[in-house]
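This report refers to the structure that appears directly beneath it.
The values are calculated or read from the model by the stated rules, or taken from the named source; none is laboratory data. Since we're looking at a predicted model, the values are computed, not measured. Cβ coordinates were reconstructed from backbone atoms using ideal geometry, including for glycine residues, and neighbour counts include every protein chain displayed. Quick note on the areas: whole protein, heavy atoms, side chains included, nothing else; ligands and nucleic acids left out. Shrake-Rupley method; radii C 1.70, N 1.55, O 1.52, S 1.80 Å.
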Amino acid sequence: MSLLEAATAVRENAYAPYSRFKVGAALRTASGAVHAGCNVENVAYPEGTCAEAGAIAAMVASGETRIAEILVIADSPEPVPPCGGCRQKIAEFAGPEVPVTLCTIDGQSLRTSVADLLPGSFRAAHMDRV
């Protein structure tokens, strides 16, 4: 299954009764496995979970920790980038060169990289003196 197919399918399962803004994300790991996640809202904002965080959690739960590629899809007039928190979560498991594809349900897409989404990211190496 392609990342676009996986993200599109899982987006339909999003729990978004408050915003009505469904988001799907799918990532491919270094081994080639695909993991997907959708946003899950909660009436007590900001206790919800973003689609990207859900896909990352599924990846980690399966025993993997390296993202090779990630795709996010939403019903928006233009491709929607991950929120700041998800950018940092992605950077935790992906190198700066990892491709990130942002899509709309009507076929628009934008391909970028982790480095372009989060320049100057905080990384484990910053804590080497601890």
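Just the residues that are open to solvent by 20 Å² or more (accessible area, probe 1.4 Å) and either farther than 21 Å from R111 by Cα or modelled with pLDDT of 95 or more (or both), please, taken from the stretch 1-11. Once the filter is applied, which keeps residues that are open to solvent by 20 Å² or more (accessible area, probe 1.4 Å) and either farther than 21 Å from R111 by Cα or modelled with pLDDT of 95 or more (or both), the stretch 1-11 yields S2, L4, E5, T8, A9, V10, R11.
When residues in the stretch 17-37 are screened for being surrounded by fewer than 20 Cβ atoms within 10 Å (Cβ to Cβ) and charged (D, E, K, R), 1 of them pass.
Report yes if some residue within the stretch 67-81 is surrounded by fewer than 20 Cβ atoms within 10 Å (Cβ to Cβ) and more than 20 Å from L3 (Cα to Cα); otherwise report no.
Filtering the stretch 67-81 down to residues surrounded by fewer than 20 Cβ atoms within 10 Å (Cβ to Cβ) leaves 68-69, 75-81.
Subsequent filtering for residues that are more than 20 Å from L3 (Cα to Cα) retains 77.
Checked against the condition, which is being surrounded by fewer than 20 Cβ atoms within 10 Å (Cβ to Cβ) and more than 20 Å from L3 (Cα to Cα), the stretch 67-81 yields at least one hit.
Residues that are assigned to a loop (DSSP other than H, G, I, E, B) and either among the hydroxyl-bearing types (S, T, Y) or in contact with a Cys (Cβ under 7 Å, 6 or more places away or on another chain) (or both) do not occur anywhere in the stretch 4-12. For first residues located in the stretch 58-86 and within 18 Å of V10 (Cα to Cα), partners that are acidic (D, E) and lie 6+ apart or on another chain with Cβ distances below 6 Å form the pairs P82/E52; C86/E52. Considering only residues in the stretch 38-51 that are buried (at least 18 other Cβ atoms within 10 Å of the Cβ) and touching a Ser or Thr at 6+ places or on another chain (Cβ under 8 Å), the one that is farthest from V98 (Cα to Cα) turns out to be E41.
Report yes if R87 is modelled with pLDDT of 95 or more, surrounded by fewer than 16 Cβ atoms within 10 Å (Cβ to Cβ) and not small (G, A, S), otherwise no. Answer is no for this residue.
Selection of the stretch 8-53 for residues being under 16 Å from A94 (Cβ atoms) and either touching a residue at least 40 places away in the same chain (Cβ under 8 Å) or of a type in the set (S, T, N, Q) (or both) yields A25, A26, L27, R28, T29, S31, A51. Comparison of A61, A14 shows that the only residue that is surrounded by fewer than 17 Cβ atoms within 10 Å (Cβ to Cβ) and either of a type outside the set (A, V, I, L, M, F, W, C) or over 13 Å from C103 (Cβ atoms) (or both) is A61.
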